[in-house]
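See structure below.
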Amino acid sequence: SNFEFLCSWGWPPLIVAAMTFSADTFIVPCCIIGLAFAFLQFTLIKKVKVGDASMAGQDKLEAQETPESRVVGIYIRIMEGAKTFLREEYQICSIFCFCFGLVIMALVSWGAHSTTMGIATAVAFWTGASTSMLCGFLGMMIATYSNARTTLSAVKKEDGYTKAFNVAFRGGGVMGYLLCSLGVLVLWVLLTVYRSVFGDDMESLMDCVAGYGLGGSTVAMFGRVGGGIYTKAADVGADLVGKVVAGLEEDDPNNPATIADNVGDNVGDIAGMGADLFGSFAESTCAALVIAASSVAGKESESLSAAGWDALLFPVGISSAGIMVCMLCSYMATNISPVKKQEDIEKVLKVQMVLTAVLMLPTTYFLANKMLPEEFALESVRAKGSVIGTPGKAFACAAMGTVGGLLIGLITEYYTSHTYIPVRELATACKSGAAVNVIFGMALGYKSCIIPVFVLASNIYVAFSLCDLYGIALAALGMLSTLATGLTIDGFGPISDNAGGIAELAEFPPDVRDRTDALDAAGNTTAAIGKGFAIGSAALVSLALYGAFVVRLKSLDVAVDLSGVNVLEPITFAFLLIGSMIPYWFAALTMKSVGKAAGEMVQEVKRQFSLTDSKGKTILSGSTEIKPDYDRCITISTKSSLKEMIAPGALVIGSPLVAGTFFGVEAVFGLLTGSLVSSVQLAISMSNSGGAWDNCKKYIKGCFSEDPELCYVKNPKTEVEKAAAGKAREAHDAAVQGDTVGDPFKDTSGPALNIVMKLQAIVSLVFAAYFSACAGGKGFLAGYLFN
């Protein structure tokens, strides 16, 4: 090799490694630079001081005299509440993952007739779960660390927008670059270690590494569901009693549920979303690796395994390059073209999305030509034999995913931002009451499915035509190649939301809250974009995993025809219907859980509002003796969410196991097909309806409309405001009720459906050998009944 040749001439190995391109010398430095960049962003955030050491122990909000000093107590309460919830949640996750890892070890060992494969798969599973938990915890900590600093940065009138935006953007960036770099680096280490165990048996190696994706997705399920129930129980409770009944502002310090609401933004939208997208990255990479490493009958010498280690690691190379591209583009938002006024916020964030996607295209083209052979054979599931891939075809597949992700993000923005017509129509509907608002919002969500589904269908058709299932996996990776920027923008939203809440709780002047509200409104839209991005990538990841499952079965001894998935097989069609029902069952469980937890929160807030002191005064009438009990509301959200997250998780993980064990792989085919098709539509519609309702409320509250009846002013001053006050209040109340309905749509059930389709597929892939051993792939029950 070039490396050995140059070393033989006396060149130092480190310099030679830097000069000679290889997968390992490219991937590892990218990850290390990404981690260093995350640390740099953290040090810049740290420069904004929050109080001093003497104030840190004083956590009573009312004990402080100035808004700046009150921030300390609020900041500590939010951070401690988030840490408490994650500690409790991760204890449950750790116990479950340990036990499930033992199940994986036993069933894979039995199915593959190899104890080594069983142990290796279980270790990969535990590694993925641990990495996901670590990324979620670190992301949540940096978000809570950044929120108060964003508030304090927004105080100055001259450059408040610039400084506050930069802190929130960098806070999201720390999570984005940390998660991407750590995820890729840990996966590379796992691959390198397993290479020493399995040697040239790449097929077995990649099958075991698939456990890494399963571990990440399992934790993501609990993080998404548990965090989503927590945040929406607090949010719905705070909105219904605080805003609708008592007429308080969104984060009024007199509302006992407001701290729990702010805690929920971190555990749901930061830790939950981080774990979700980490799972997508891990699963899409594992799917691509499994398909690439599969033996090609009659053309073993032309396969990617035969082409060498660099060719196999092309999917990991795409993710590594994405870290560098996103890192360079981030300077555009913070240094080259920073935010200077309110109108700049959405524009700067949109430029980030477009710029990273555009720069990834030539980068992916370079990597494809550098890492892949001129031609390579791939196992085909749609034709007998194999298909021939080239670097150009591989690039086209990844490029379709990158551009497709951008289009889905932009379409999501159109349907959820109050800058555009759909949300403004929704606001007008609020003048007719809450019922009409809900009807319009549901219609908006259904309509928003149309273009994303066409985009996904185009991606799938082109990628499948060019490189079969490997093309689908590359399209998913292309969509996730800008993950660091996606996570940065997604983390920006909850940090800004928290900053606005802290400004209200600390009683800063209205102009400070105006600046944080502007960041929050943009953050809501970017969060919706992030959810659309996550749903689109989840659909491609799920199909790639489904394909990897079929490819894996082809290499096993299965008494089932695998030349194609035939939906007219009775067992397949029956389970297709069952699979398409599971997302609705899952959504029903999670939404009911939010309703039950929110009901408890409403009763607790009402109870606290009804308490009277020695002078007959309540919290709302200005009692100096009775103060809101924030901790009790945090406890209610924590206990409810942890209890309610078990059933949805068991449904998703258990359904493919039951189908494969008792009814065989053809039943699993139907289950995965139905679940994928149904989940995509439901997830998009729920997420976009919820996002639109949220921004509709902000549109009316922020007085963005010229119609005085769509401009809610709590204390009207002008004659026009006074004349429209009654109808404006009714429209605002209708918007708040719509937003309350939309909260579990966009932050609990909708986003968690991403994990439904991915987790079912990765469970099927990891247990492929076990399913094949269950009566030759026909299942114990079906095999007994029909034989």
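The values are calculated or read from the model by the stated rules, or taken from the named source; none is laboratory data. Keep in mind the model is a prediction, meaning the values are calculated, not measured. Methodologically, a virtual Cβ is constructed for each residue, glycine included, from the backbone with ideal geometry; neighbour enumeration extends over all protein chains shown. Accessible surface is based on the protein model in full, side chains and every heavy atom, while ligands, DNA and RNA are left aside. Shrake-Rupley method; radii C 1.70, N 1.55, O 1.52, S 1.80 Å.
A few points about this structure:
- Rotationally averaged projected area of region 744-786 (alpha carbon convex hull; nm²): 4.0 nm²
- Nearest-0.05 FRET efficiency for GLU158 and ASP613, computed from C-beta distance (R0 56 Å): 0.80
- Accessible surface for region 129-287, divided over its residues, is 19 Å² per residue with a 1.4 Å probe.
- Length-normalised contact order for region 492-617 - Cα pairs under 8 Å, 6+ apart - percent: 16 percent
- Normalising the average separation of contacting C-alpha pairs (under 8 angstrom, six or more residues apart) by the number of residues puts the relative contact order of the chain at 19 percent.
- Summarising the label geometry, the points placed 7 Å from Cα in the beta-carbon direction at TYR584 and LEU102 lie 3.9 nm from one another.
- Percentage, to the nearest whole number, of Cα pairs in region 212-337 over 23 Å apart: 59 percent
- Subset of LYS627/LYS701; LYS596/LYS727; LYS83/LYS232; LYS156/LYS232; LYS340/LYS698 violating a 23 Å alpha-carbon distance limit: LYS627/LYS701; LYS596/LYS727; LYS156/LYS232
- Two numbers describe the Cα atoms of region 62-164: Rg and Dmax, which are 21.9, 69 Å.
- The alpha carbon gyration tensor of region 329-440 gives principal lengths a ≥ b ≥ c with a/c of 1.5 or higher and a/b no greater than b/c, which makes the shape oblate.
- Of all accessible heavy-atom area on the chain, the percent that carbon and sulfur account for (1.4 Å): 63 percent
- The angle separating the long axis of helix 23-46 from the principal Cα axis of greatest extent in the chain is about 10 degrees.
- For region 353-421, applying the loop criterion from DSSP together with a ceiling of 16 other beta carbons within 10 Å to the GluC sites (Glu not before Pro) yields GLU374, GLU375.
- Helix content alone sets the calculated 222 nm mean residue ellipticity of the chain: runs of n ≥ 4 DSSP H residues at -39500 (n - 2.57) each, divided across all residues, give -26500 deg cm²/dmol.
- Sorting the Cα pairs of the chain by distance into bins of 20 Å, from 0 upward, gives 17, 51, 27, 5, 0 percent per bin.
- Counting only alpha carbon atoms, the long axis of helix 570-610 and the longest principal axis of the chain meet at about 20°.
- For the Cα trace of region 410-527, dividing Rg by the Kirkwood Rh returns an Rg/Rh value of 1.11.
- Cβ-derived FRET efficiency at R0 41 Å, SER196 paired with ASN335, nearest 0.05: 0.40
- Two-site FRET efficiency, ARG87 against VAL560, from Cβ-Cβ distance with R₀ of 45 Å, rounded to 0.05: 0.50
- Each 5 Å bin from zero holds the following percent of Cα-Cα pairs in region 459-558: 3, 13, 16, 14, 11, 10, 8, 7, 6, 5, 4, 2, 1, 0, 0.
- The phi torsions of region 697-710, fed into the Karplus equation with coefficients 6.51, -1.76 and 1.60 and a -60° offset, translate into couplings of 4, 5, 4, 6, 5, x, 6, 7, 8, 7, 6, x, 6, 10 Hz, rounded to whole numbers, with Gly and Pro shown as x.
- Alpha-carbon Rg with Dmax, taken over region 518-656, Å: 24.6, 81
- Dipole magnitude for the chain: about 440 debye, using +1 per Lys or Arg Cβ and -1 per Asp or Glu Cβ, origin at the Cα centre.
- The reciprocal of the average 1/r between distinct C-alpha atoms defines the Kirkwood hydrodynamic radius, which for region 417-473 equals 13.6 Å.
- Pairwise Cα inverse-distance average, inverted: Kirkwood Rh of region 698-787 (Å): 17.8 Å
- Rg and Dmax [Cα atoms of region 163-282; Å; Rg one decimal, Dmax integer]: 20.2, 68
- The largest-to-smallest principal axis extents of the Cα set in region 642-758 are 72, 29, 15 Å.
- The calculated pair-distance distribution of region 594-649 uses every alpha carbon pair, bins of 5 angstrom beginning at 0, and gives 4, 18, 23, 17, 13, 10, 7, 4, 3, 1 percent.
- Computed from backbone phi with θ = phi - 60° and the Karplus coefficients 6.51, -1.76 and 1.60, the 3J(HN,Hα) list for region 75-80 is 4, 5, 4, 5, 5, 5 Hz; x is used for glycine and proline.
- Degrees separating the helix 719-744 axis from the principal Cα axis of the chain, which is the longest one: 30 degrees
- Calculated P(r) tail over 28 Å for region 271-411, as whole % of Cα pairs: 30 percent
- Convex hull volume per residue in cubic angstrom - Cα atoms of region 650-709: 91 Å³
- Residues whose amide H lies under 5 Å from that of VAL381, counting only those 5 or more places away or on a different chain, are LEU469; hydrogens are built 1.01 Å from N in the peptide plane.
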